[in-house]
Amino acid sequence: MKRLLALLLVVGLVLGACGGEDDGQVDTDRTDTTDDGGGTDDGGGEPGGSAAGPVDGGEMVATSIIEGGEDRPLVDGTELRITFVPVEGDADALPRLSFVAGCNTHSASYDLAGDTIHIGDVASTEMGCDPGLMDQDAWLAGVLTGDVGWERDGDAVILTSGDVEITLVAAT
């Protein structure tokens, strides 16, 4: 099962990377991060001025999920893991992230703009799982799409989308 998930993730990432710019869609994911001499960085940087993103690549695991001010438990026996994959060697490519919470693996490009991560369209594997896991996948894919706020709190990264707050730490 794990090998199948890994294979599906690799295939999804390869297919996503092969999409290119010639698909007829306007690219709205990119933010111009050139310095106009005004002294502010309007994209790509960490809040507070560092050039590092929410993570410098690597896997993170959720330690807390709050929705509407209340704990939102995941399905028993599952956890949310998000992997940030930086781009190396291609200045035009966007970094990618993937996330899994017990059933399907989801993947999308992302772009940083100050304290916001713009997450592009999410592609997912299509494993058939129990209804609770499928509902959890759909909920997370909705939360982790579009503009998501982020901030550091010590070693943790906090993602905010609507009334949902996800606290992540480096996976061990």
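The values are calculated or read from the model by the stated rules, or taken from the named source; none is laboratory data. Since the model is a prediction, treat every value here as computed from it, not as a measurement. Every residue, glycine as well, gets a Cβ built from its backbone with ideal geometry; the counts of neighbours run over all protein chains shown. Surface accessibility is based on the protein's heavy atoms, side chains included, excluding ligands, DNA and RNA. Shrake-Rupley method; radii C 1.70, N 1.55, O 1.52, S 1.80 Å.
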So which pairs qualify, if the first residue must be in the stretch 132-148 and under 17 Å from residue 121 (Cβ atoms), the second must be among the aromatic types (Phe, Trp, Tyr), the Cβ gap must be under 9 Å, and the two must be at least 6 apart or on different chains? 140/99; 141/99; 144/99; 148/110
In this structure, does residue 163 turn out to be at pLDDT 95 or above, in contact with a Gly (Cβ under 6 Å, 6 or more places away or on another chain) and loosely packed, with under 15 Cβ neighbours inside 10 Å? yes
Can you name the residue in the stretch 127-156 that is open to solvent by 60 Å² or more (accessible area, probe 1.4 Å) and either touching a His at 6+ places or on another chain (Cβ under 9 Å) or basic (Lys, Arg) (or both) and is also modelled with the highest pLDDT among such residues? 147
Sole exception among (1) more than 17 Å from residue 97 (Cβ to Cβ); (2) free of Cβ contacts under 8 Å to residues at least 40 places away in the same chain; (3) in contact with a Gly (Cβ under 9 Å, 6 or more places away or on another chain); (4) hydrophobic (A, V, I, L, M, F, W, C) for residue 119, by number: (1)
Quick check on my filter: what residues within the stretch 115-126 are open to solvent by 20 Å² or more (accessible area, probe 1.4 Å) and within 15 Å of the chain's Cα centre (by Cα)? 115, 116, 118, 121, 122, 123, 124
Take the stretch 71-114 and flag every residue that is open to solvent by 60 Å² or more (accessible area, probe 1.4 Å), closer than 18 Å to residue 171 by Cβ and modelled with pLDDT of 90 or more. 77, 79
Scan the stretch 66-116 for residues that are touching a residue at least 24 places away in the same chain (Cβ under 8 Å), in contact with a Lys or Arg (Cβ under 9 Å, 6 or more places away or on another chain) and of a type in the set (A, V, I, L, M, F, W, C) and report the count. 8
